[in-house]
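**Q** Supplied in structure tokens, the structure appears directly below.
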Amino acid sequence: MKKFIVLAALVLSLGFLANPAAGADDLSESHRFYEEISYLMNRGFVTDYPDGTVRPDTEVTRAEAAIMIGRVKDFDGTQRDTRFSDVSSNQQASGYIATAAKAGLISGYPDGTYRPYESITRGDMAIILSRLFITPFSVGISFSDVSSNMEAYEPIRRMLAANIAIGYPDNTFHPIEDVTRAQFSAFLARGLEPVFKNDATIENSYLRDKTKTYVYSTDTGDGEAHIHRHTYNYVPSRNGFPMGYIWSIYEEDGTLLNDTLENETREEYTIGYPRLEYYIHLVYPAEVGQTWYIDTPYAPQHTITDVGVTVETEYRTFTNAVEVTVEADPDEFQTNSYSYYMVPGFGEVKSVEVDGTVTKELIDVK
């Protein structure tokens with residue numbers, strides 16, 4: 001319900017006063033993806049059928065997928081001939097299929113067909129959406145039903161990095177499973193709006209809320225506390241490199257410090273920097289004794305030394321933190337030993353050196 005309130009405010013701020021989904025005969029507010037479908041219908045990306053139904057649980061066809069992504073891109077949907085032998089100008093989706101194919105968002109089969117009435121699979125969905133949205137980053141995956149020789153392998157990695165898809169709790173992705181209109185709507189909504197990306201997470205996720213700004217007091221090495229604001233925002237490109245949605249860190253005066261990536265799979269939580277390295281910040285399950293090591297000069301061995309820890313920050317007191325201790329020889333790693341504290345839904349909330357010096361602390365969430 002909280003998410004719906006946020007969504008309603010967003011919709012009103014954009015000037016959409018009606019809720020077309022509310023009038024659909026076959027879509028109740030209890031449907032898992034009601035909010036996502038409502039969001040897309042309010043923007044005109046999804047429409048109902050002539051009989052007033054949305055048919056959320058029917059499989060989405062390749063033609064319908066072309067229409068939906070075409071509307072997102074504001075393509076010309078005027079019916080026309082296409083390069084596909086089975087899509088003529090008489091086909092309702094022909095205009096969107098032609099423009100989406102020309103833009104490189106969709107492709108046909110080696111025999112020259114598009115097969116507009118076939119259903120879209122989850123693997124197909126990953127391929128299409130990785131082309132539709134800026135998704136230059138990827139994460140490692142270990143799904144038991146996804147192999148590196150699959151066409152959808154890299155797109156699936158990008159969908160995880162972009163918080164558009166997460167897979168299933170049994171560590172599968174179901175790449176050949178057909179996608180329903182509601183599911184496709186959910187994936188589209190996550191690509192467009194951060195509030196929905198918050199749903200593409202594992203249970204008890206450590207990822208931060210992408211609709212909020214996190215303010216930290218940080219010692220950058222000069223012995224002084226600097227105020228840094230972490231904001232999840234859309235950055236089309238940075239220095240000529242495509243970015244998309246990303247966490248940006250700003251100084252107190254608004255100067256951009258850098259951009260960071262916060263990603264999570266069912267195996268680990270990582271922090272990274274665009275075009276640079278990723279660091280494993282936490283491994284799962286988060287249990288005492290877990291250790292990991294990254295063989296770089298900047299990352300000595302990490303060990304989970306306690307769980308359920310109470311940690312006081314200027315923002316609030318947390319009682320469910322995971323303590324990670326980093327044992328470091330200053331001569332070898334150019335850093336002191338320290339501990340940092342991870343909290344579900346907040347990521348790292350505090351970092352303390354062995355002498356008690358606080359080097360990072362969460363002071364506000366807005």
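**Q** What about Y96, is it farther than 19 Å from L188 by Cβ, surrounded by 20 or more Cβ atoms within 10 Å (Cβ to Cβ) and in the same structural domain as P155 (by TED's automatic domain parsing)?
**A** When the stated conditions are applied, Y96 does not pass them.
**Q** Next up: Which of the residues belonging to the range 285-303 are assigned to a loop (DSSP other than H, G, I, E, B), modelled with pLDDT under 95, surrounded by 12 or more Cβ atoms within 10 Å (Cβ to Cβ) and not aliphatic (A, V, I, L, M)?
**A** Within the range 285-303, P300, Q301 qualify.
**Q** Is it the case that some residue within the range 162-180 is closer than 22 Å to E59 by Cα, at pLDDT 95 or above and assigned to a helix (DSSP H, G or I)?
**A** no
**Q** Would you call I134 over 21 Å from I202 (Cα atoms) and at pLDDT below 95?
**A** Judged against the criteria, I134 is a match.
**Q** Give Y273, Y340 a once-over and let me know the one that is closer than 29 Å to I141 by Cβ, of a type outside the set (G, A, S) and buried (at least 20 other Cβ atoms within 10 Å of the Cβ).
**A** Exactly one residue qualifies, and that residue is Y340.
**Q** Now, a different point. Residue by residue through the range 52-82, note down the ones that are in a loop (DSSP other than H, G, I, E, B), in contact (Cβ under 8 Å) with a residue 24 or more places away in the chain and either surrounded by 21 or more Cβ atoms within 10 Å (Cβ to Cβ) or not aromatic (F, W, Y) (or both).
**A** G52, T53, V54, R55, P56, D57, T58, V60, K73, T82, listed by residue number.
**Q** Do you know which of the residues in the range 125-161 that are touching a residue at least 60 places away in the same chain (Cβ under 8 Å) and part of a helix (DSSP H, G or I) is surrounded by the fewest Cβ atoms within 10 Å (Cβ to Cβ)?
**A** For the range 125-161, the residue satisfying everything is L132.
**Q** Within the range 218-230, is there a residue that is in contact (Cβ under 8 Å) with a residue 12 or more places away in the chain, touching a helix residue (DSSP H, G or I) at 6+ places or on another chain (Cβ under 8 Å) and in a strand (DSSP E or B)?
**A** Scanning the range 218-230, I find no residue that is in contact (Cβ under 8 Å) with a residue 12 or more places away in the chain, touching a helix residue (DSSP H, G or I) at 6+ places or on another chain (Cβ under 8 Å) and in a strand (DSSP E or B), so the answer is no.
The values are calculated or read from the model by the stated rules, or taken from the named source; none is laboratory data. Nothing here was measured: the structure is a model prediction, and the numbers come from that model. For neighbour counting, all protein chains shown are included, and Cβ atoms are generated from backbone atoms with ideal geometry for every residue, glycine included.
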